[in-house]
Structures are given as structure tokens and as C-alpha cells.
Amino acid sequence: MQTKSAPHAQGGSSLPGAGETILIVDFGSQVTQLIARRVRESGVYCEIVPFDKAAAALPRLEPLGIILSGGPASVIGAGAPQVDPALLEAGLPVLGICYGEQTLCARLGGRVEAGDHREFGRAFLHIVRPSALFEGVWAPGERHQVWMSHGDRVIAIPQGFEVVGTSEGAPFAAIADERRRLYGVQFHPEVVHTPDGSKLLRNFTHGICGAKGNWTMRAFRAAEIEKIRAQVGQGRVVCGLSGGVDSAVTAKLVHEAVGEALTCIFVDTGLLRGGEAEEVVRLFKGHFNIPLVHVNAADTFLGKLEGVTDPEVKRKTIGATFIDIFEAEAGRIGGAGFLAQGTLYPDVIESVSFTGGPSVTIKSHHNVGGLPERMNMKLVEPLRELFKDEVRALGREMGLPEQFVGRHPFPGPGLAIRLPGEITREKIRILQAADAIYLDEIRKTGLYDAIWQAFAVLLPVKTVGVMGDERSYDHVCALRAVTSTDGMTADYYPFPHDFLGRVATRIINEVKGINRVVYDITSKPPGTIEWE
């Protein structure tokens with residue numbers, strides 16, 4: 001399918017930080033997004049821009065300061081990405097993190113080499129000199145835990161710099177040129193494994209760069225409403241509702257901006273959680289009185305999925321079917337020239353990553369990465385500058401009920417990727433019932449908000465069991481629950497055994513078709529949290 005490519009991350013910002021912006025230069029680290037999250041948590045707006053486009057973004061952003069991210073390359077390798085000299089000649093404060101420190105030093109006359117003593121994981125920083133970066137947090141003579149992830153290391157610093165911190169494997173683990181307001185750290189302050197990292201970043205953004213911290217959801221809401229009105233004018237907008245928080249917040253914000261000029265289209269795939277379709281219709285059509293078209297397309301989707309077992313084919317089938325149905329319904333709405341969708345900032349970042357990224361992929365419930373050419377509609381993406389936690393905060397600011405704002409992430413393909421193997425109506429019924437019991441017990445125990453995502457999976461195997469005086473041959477249900485702060489990495493939630501026993505007993509007793517329940521205790525590196 002031909003698509004229009006998504007706009008670059010460095011284009012079209014509404015700059016809701018009211019003139020307070022930090023430019024984050026991306027050199028490809030898998031945790032670059034965490035730098036932005038930490039900065040925004042301190043009330044400062046920021047944008048991530050690929051290293052080769054960062055200098056061009058300066059006039060638009062007019063940042064107060066620049067942060068150079070980490071990255072997987074070797075600064076001394078042929079063709080390695082380097083910091084653009086224009087960034088260092090702008091007279092702005094600069095903080096280089098890991099690879100960022102190394103390219104900062106290499107560009108200014110220092111030297112980097114492959115280290116004999118690599119550091120990966122927990123390390124300890126010895127503070128040897130005071131610095132504005134450490135103000136009120138760390139003092140000379142102290143020793144503090146940090147998180148390292150580097151093979152190369154700085155062996156000579158540029159003129160004007162001083163060493164302010166050392167570690168066992170990095171004699172220049174923290175350096176500073178206070179006069180020019182240039183700083184470098186070999187460790188990663190953005191990750192939770194550096195306990196004081198957020199304070200150091202705040203020292204940079206607030207103390208060194210002079211930010212006041214005026215990035216709020218109230219300010220963003222007002223600015224984005226005006227932006228939507230200016231973009232849409234007298235036109236009409238359609239929005240695809242999926243039942244998730246992203247599309248719900250998008251619909252509410254666009255409705256505040258254009259009122260009756262918005263029509264929401266809710267395509268019920270038959271792959272939603274039990275009772276979810278009724279909940280979506282009740283909230284948006286009944287409570288908020290937002291024009292809503294409800295399409296019950298369960299038969300169509302299940303027909304298309306009959307006999308399909310490959311997970312990637314499932315996703316593509318669901319995505320293509322969704323777009324066909326959505327396009328047909330949108331065509332019945334006269335004069336609709338705009339499509340609102342819940343693209344988030346991580347989607348935008350991935351779409352322009354210098355490492356390639358999974359950019360122009362159609363994602364079932366909303367078409368991140370582009371629209372089919374034949375739809376001839378312009379995108380309205382009011383959340384494209386927000387992370388997931390910020391979307392939730394915006395939803396609360398607008399008065400969305402907590403059951404929508406705080407709900408766990410739900411995949412676009414719905415229960416299809418929690419049903420390995422062939423999908424049938426009976427399997428969907430079984431999984432919906434088991435999932436509802438699992439989430440009900442989590443809520444009763446008061447753990448729902450402590451967990452990033454919890455769900456049941458119906459495995460494509462059956463086992464023989466004895467239930468009462470009879471043998472059974474039924475499905476195995478797997479339960480998954482993970483903790484995460486960013487959706488990029490996750491660890492399993494350590495439920496007590498009595499909780500798991502209670503859930504398993506209820507599922508086996510109340511859900512016909514399941515005779516065994518297991519708990520998935522795998523952790524995960526960056527990648528998908530979902531099952532397939």
C-alpha cells in the first residue's frame with residue numbers, strides 16, 4: 001500500500017513550552033527518550049532531533065540548552081556520527097552524555113580511545129571538584145552510584161575543561177568547562193539506576209540553562225486547541241476511536257477545539273476486551289455528546305482471520321481491514337478533510353531515527369507513519385509531542401474518567417495477539433472471560449495502578465486434567481503482568497502466591513474451556529511487552 005510519509009520530528013512543533021525548550025540531539029541510544037522524559041518531568045519542554053538535523057532545528061526551537069545523547073557507535077570509528085560544530089558555536093549550554101561526552105571532547109580537541117577497562121552497569125563516581133552540574137546534589141570527596149554503558153573512553157579533555165568526577169574505568173567520567181557552560185558525563189543520568197540523575201539534569205536545565213519550568217498540561221491544552229482550530233478552519237474532522245487512552249484523549253481535545261465539526265468512528269473489531277465497546281459508546285456518545293459512528297464489524301474481521309495463524313499476517317490483516325472499513329465510513333461523512341489520530345512522540349522519534357526505525361508501518365487502529373494516498377486527508381496529530389504519561393495527565397486535565405485515562409495499554413490488533421494460533425469466536429469468549437477475572441482481582445487487591453500492563457493469554461495448547469470426577473481436555477491460560485516506567489523495558493510483577501492461587505481458582509471454576517493457569521515471569525529488554 002502506498003503511503004504518505006510521516007512529517008519529521010523536527011517540523012511543526014507548537015512549542016508549548018512558552019519559549020523554554022531544550023534540544024536533545026539523538027545519536028541512537030536506546031534510552032534517549034528517557035532523557036526527554038526526565039527533562040519534561042521537571043517542567044521543561046524538549047524535543048529529540050537526529051544528530052544530522054539538529055543544527056537545522058536551532059532557528060525553529062531557539063533552545064535554552066542542548067543535550068547530546070548516548071549512542072551505540074564508536075566515536076573513533078570510520079563514519080561515526082559527530083556533533084555538528086554549529087551546535088557548539090551557538091553559545092548555548094551543552095551537556096554530553098556517554099557518547100555525547102565523547103563526541104563533544106573529540107570535536108573540541110580532546111582524545112577518545114577504546115578503553116582497556118569497559119564499564120557496563122552499576123559503577124561509582126568519585127566527586128573531585130565542585131561543579132554547577134552537581135550543585136546541591138553532590139560534593140567533593142563523596143562517592144555516588146551511577147549507571148555506565150561504555151567501551152570507549154575519554155583519555156584527554158579539551159582545553160578549558162576540568163575533571164569534576166572519576167570512576168574506576170573512566171578517569172574523565174565527569175568534566176566541565178564552567179566558563180563556556182559545557183559539560184560531559186560518561187554515565188547515564190537519565191536512567192533510574194543513577195539515583196540522583198534527575199537532579200543533575202534539573203541542575204542543567206534550570207540552574208545552568210535558566211529554565212523556569214513552565215511546561216504544564218494546562219498550557220499545552222490551550223496552545224494545542226488554538227493550533228487545531230488554525231489548522232482545521234471551517235473543515236470537518238474524523239477520528240478513529242479504539243477504546244485506548246491515546247484515541248480517547250485525541251477525540252476529547254479535538255472536540256474541545258472544533259466541536260460538532262468532529263465525528264468519531266468506532267470500529268468494533270470483535271477483538272476488544274469484554275464490555276469495552278459498550279463502554280466507549282456510553283462515554284463518548286452519551287456522556288460527552290461527541291458525534292459517534294459505531295461500526296460493528298466483528299463478523300468481517302473474524303472472517304478475514306479465519307485460518308490465519310502467523311502473528312505478522314494477523315497484524316497486517318487486521319490493519320488493512322480496519323483501514324478499509326474506516327475509509328468507507330469516513331467517505332460517508334460529507335466534507336471531512338482531516339483525520340485526527342493519536343500519534344505519540346515515541347512514534348515520531350522512531351519514524352525519523354537515523355538508525356532507520358520502523359517508520360512507515362500501518363498500525364491497525366491508527367495509521368502511524370502515513371495515510372493511504374486515496375484517502376486524501378490531512379493529519380491532525382495533537383499528541384505527537386507527548387509521551388504516554390503526559391497523555392494521561394492531559395486526559396485528567398480535560399476531565400476524562402480514570403477508567404479511560406489510567407487503563408493499561410491495549411494493542412491495536414486487540415486480543416488477536418493474545419491468542420497465538422487460529423482465532424475463533426469461542427477462543428475470544430474464553431479469553432475475554434479469563435482476562436476480566438484477572439483484572440478484577442488486580443483491582444480488588446489495589447494493584448492496578450502499580451502495574452504497567454496486565455493481561456491473559458490463551459495458549460494454543462490443551463492439557464488433560466481432572467475436574468471433580470471427570471477428565472477434561474481444555475486450554476492453558478497464561479497470565480502476564482509487568483512493571484515499567486517507559487514501556488521500553490519491563491520486569492514481571494512479583495505477585496504473592498496466594499493472589500495467583502486465587503486468580504487461577506476463579507478462572508478454572510468460572511471459565512469453561514480452561515483447566516490450567518500459568519504465570520509468565522520473564523523480564524524484557526527494549527522491544528514489545530506483548531505476547532506474540
- Message: Can you say whether Leu201 is open to solvent by less than 10 Å² (accessible area, probe 1.4 Å) and closer than 30 Å to Pro382 by Cβ, as far as the supplied structure shows?
- Response: yes
- Screening Val245, Val238 for residues that are under 30 Å from Ile437 (Cβ atoms), in contact with a helix residue (DSSP H, G or I) (Cβ under 8 Å, 6 or more places away or on another chain) and β-branched (Val, Ile, Thr) leaves only Val245
- Message: Tell me whether segment 230-253 contains one or more residues that are surrounded by fewer than 16 Cβ atoms within 10 Å (Cβ to Cβ) and not in a loop (DSSP other than H, G, I, E, B).
- Response: yes
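Report yes if Glu397 is closer than 29 Å to Arg315 by Cβ, at pLDDT 90 or above and acidic (Asp, Glu), otherwise no. Quick ask: steps written out before the conclusion?
Values: closer than 29 Å to Arg315 by Cβ: no; at pLDDT 90 or above: yes; acidic (Asp, Glu): yes.
Here the answer is no, as Glu397 does not meet what is asked.
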- Item | Selection count where residues are under 18 Å from Ala132 (Cβ atoms), open to solvent by 10 Å² or more (accessible area, probe 1.4 Å) and touching a Leu at 6+ places or on another chain (Cβ under 9 Å), scope segment 153-165 | 3
- Here are some conditions: (1) within 27 Å of Leu64 (Cβ to Cβ); (2) touching a strand residue (DSSP E or B) at 6+ places or on another chain (Cβ under 8 Å). Thr216 meets all but one. Which one does it not meet? (2)
- Report the residue count in segment 288-323 for those that are touching a helix residue (DSSP H, G or I) at 6+ places or on another chain (Cβ under 8 Å), in a loop (DSSP other than H, G, I, E, B) and under 26 Å from Ala251 (Cβ atoms). 4
- Item | Every residue from segment 154-168 that is touching an Asp or Glu at 6+ places or on another chain (Cβ under 8 Å) and closer than 21 Å to Leu200 by Cα | Val154, Phe161, Glu162, Ser167, Glu168
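So, in segment 254-289, how many residues would count as being of a type in the set (Val, Ile, Thr), over 18 Å from Pro411 (Cβ atoms) and either open to solvent by 20 Å² or more (accessible area, probe 1.4 Å) or in contact with a Gly (Cβ under 9 Å, 6 or more places away or on another chain) (or both)? Before the answer, list the steps.
So in segment 254-289, the residues of a type in the set (Val, Ile, Thr) come out as 254, 258, 263, 265, 267, 269, 280-281.
Okay, now just the ones that are also over 18 Å from Pro411 (Cβ atoms), so 254, 258, 263, 265, 281.
Add one more test, that the residue is either open to solvent by 20 Å² or more (accessible area, probe 1.4 Å) or in contact with a Gly (Cβ under 9 Å, 6 or more places away or on another chain) (or both), and what stays is 258, 265, 281.
Summing the residues that are of a type in the set (Val, Ile, Thr), over 18 Å from Pro411 (Cβ atoms) and either open to solvent by 20 Å² or more (accessible area, probe 1.4 Å) or in contact with a Gly (Cβ under 9 Å, 6 or more places away or on another chain) (or both) in segment 254-289 gives 3.
Out of all the residues in segment 210-225, is one or more part of a helix (DSSP H, G or I), under 25 Å from Ile22 (Cα atoms), without any contact (Cβ under 8 Å) to a residue 12 or more places away in the chain and within 28 Å of the chain's Cα centre (by Cα)? It would help to see each step written out before you state the result.
Within segment 210-225, the first condition is being part of a helix (DSSP H, G or I), and the residues that meet it are 217-225.
Those still in the list that are under 25 Å from Ile22 (Cα atoms) too: 217-225.
From the residues that got through so far, the ones that are without any contact (Cβ under 8 Å) to a residue 12 or more places away in the chain too are 222.
Those left that are additionally within 28 Å of the chain's Cα centre (by Cα): 222.
Yes: segment 210-225 contains one or more residues that are part of a helix (DSSP H, G or I), under 25 Å from Ile22 (Cα atoms), without any contact (Cβ under 8 Å) to a residue 12 or more places away in the chain and within 28 Å of the chain's Cα centre (by Cα).
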- Count of residues meeting criterion [within 19 Å of Ile175 (Cβ to Cβ) and either modelled with pLDDT under 95 or touching a Phe, Trp or Tyr at 6+ places or on another chain (Cβ under 9 Å) (or both)] in segment 200-212: 4
- Query: Which of the residues belonging to segment 133-182 are under 32 Å from the mean Cα position of the chain (by Cα), more than 27 Å from Gly77 (Cα to Cα) and assigned to a strand (DSSP E or B)?
  - Reply: His144, Gln145
- What are the pairs, 6+ residues apart or on separate chains, where a residue within segment 140-153 that is closer than 18 Å to Ser198 by Cα has its Cβ under 6 Å from a residue that is of a type in the set (Gly, Ala, Ser) and modelled with pLDDT of 80 or more? Val146/Ala123; Met148/Ala123
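The values are calculated or read from the model by the stated rules, or taken from the named source; none is laboratory data. Just so we're clear, the structure is a prediction, and the values are computed from it rather than from any experiment. Using ideal geometry, Cβ is built from the backbone for each residue, glycine included, and neighbour counts are taken over all protein chains shown. Please note that ligands, DNA and RNA were not included when accessible areas were found on the heavy atoms of the full protein model with its side chains. Shrake-Rupley method; radii C 1.70, N 1.55, O 1.52, S 1.80 Å.
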